[in-house]
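Read the structure below first, then the notes.
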Amino acid sequence: QVQLVESGGGLVQPGGSLRLSCAASGIIYSINSMGWYRQAPGKQRELVAVIMSIGYTNYKDSVKGRFTISRDNAKNTVNLEMNSLKPEDTAVYYCNVNVRTGLGRLIDYWGQGNQVTVSS
């Protein structure tokens, strides 16, 4: 069983910064990828950023140059540094971890979500 512990989020003014963190623990053979998704009211959940175990990263176009995703492989932790935040970044942010079991199966785990509000 895998559990995700998220931290970060909150209220910030436009142009400010926040950092989200997510740590995975439990029975893990290996982690295929770790990432962040977000969902705003009335909208579909969307990918914000993802990082593969080999280091490949992918970002939503609107956050490129402002957000940076990183991973600590030894601690099974993923971070999302968010800079130059805009009101349109307001959403609930969810941590996602894709785990490969000892039998070779891929399983997705989700955090409970953190509210990020960007407003003056």
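The values are calculated or read from the model by the stated rules, or taken from the named source; none is laboratory data. On a predicted model such as this, the values are computed, not experimentally measured, just so you know. The area values use the complete protein model at the heavy-atom level, side chains included, leaving out ligands, DNA and RNA. Shrake-Rupley method; radii C 1.70, N 1.55, O 1.52, S 1.80 Å.
When a/c is below 1.5 the answer is rounded, else prolate if a/b is larger than b/c, else oblate, so apply that to the chain with a ≥ b ≥ c taken from the square roots of the Cα gyration tensor eigenvalues. Present the calculation step by step, with values, prior to reporting the outcome.
On the way: a/c = 2.05, a/b = 1.88, b/c = 1.09.
Prolate.
Just report the Cα centroid separation between region 1-33 and region 76-114, whole Å.
One Cα centre to the other: 6 Å.
Rounded to whole Hz and in sequence order, give me ³J(HN,Hα) for region 89-99 from the Karplus expression 6.51 cos²θ - 1.76 cosθ + 1.60, θ = phi - 60°, writing x for Gly and Pro.
Per residue, the Karplus-derived 3J(HN,Hα) values read 7, 4, 4, 8, 9, 10, 7, 10, 10, 9, 10 Hz.
Considering only protein heavy atoms and a 1.4 Å probe, what is the carbon-and-sulfur percentage of the accessible area of region 1-117? Intermediate results must be reported in sequence, preceding the final value.
Numbers: 3070 of 6550 Å².
Whole-percent figure for carbon plus sulfur exposure: 47.
For the chain, with every protein chain kept in place, what is the accessible area per residue (1.4 Å probe, Å²)? Don't jump to the answer; show the numbers that get you there.
On the way: 6750 Å² over 120 residues.
That works out to 56 Å² per residue.
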